[in-house]
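Here's the structure we're looking at; comments come further down.
Values in this text are rule-based calculations from the coordinates and carry no lab data. Since we're looking at a predicted model, the values are computed, not measured. Cβ coordinates were reconstructed from backbone atoms using ideal geometry, including for glycine residues, and neighbour counts include every protein chain displayed.
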């Protein structure tokens, strides 16, 4: 299946996914509910006339791209600190909060450990 995505359609897709935090927000209780995620992907897919699997793949691709752009932006050295030129960076920035390290207290040793989310 060949499906051309304009910048406008891609931004609409991102906005639609953002309306369904059960798909992307690991901090919501619904994130662990596979039926809720399946239903949300079905809603998103229907709006864009694609399969749920294709909607999921499209979002994963966009998520990977924004994370790579963020790494480049935060990189030290001559390439570091540059602003991204990717048109969807701002729209996808909501996903970057999902990679923020979380601090927890290790009850056995009473020391802080940093936990990160791995996709």
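For segment 29-63, enumerate the residues that are loosely packed, with under 15 Cβ neighbours inside 10 Å and under 14 Å from the mean Cα position of the chain (by Cα). Residues satisfying the conditions are 57, 60, 61.
Within segment 1-20, being in a helix (DSSP H, G or I), surrounded by fewer than 16 Cβ atoms within 10 Å (Cβ to Cβ) and either in contact (Cβ under 8 Å) with a residue 40 or more places away in the chain or within 16 Å of the chain's Cα centre (by Cα) (or both) holds for 7, 12, 15, 18.
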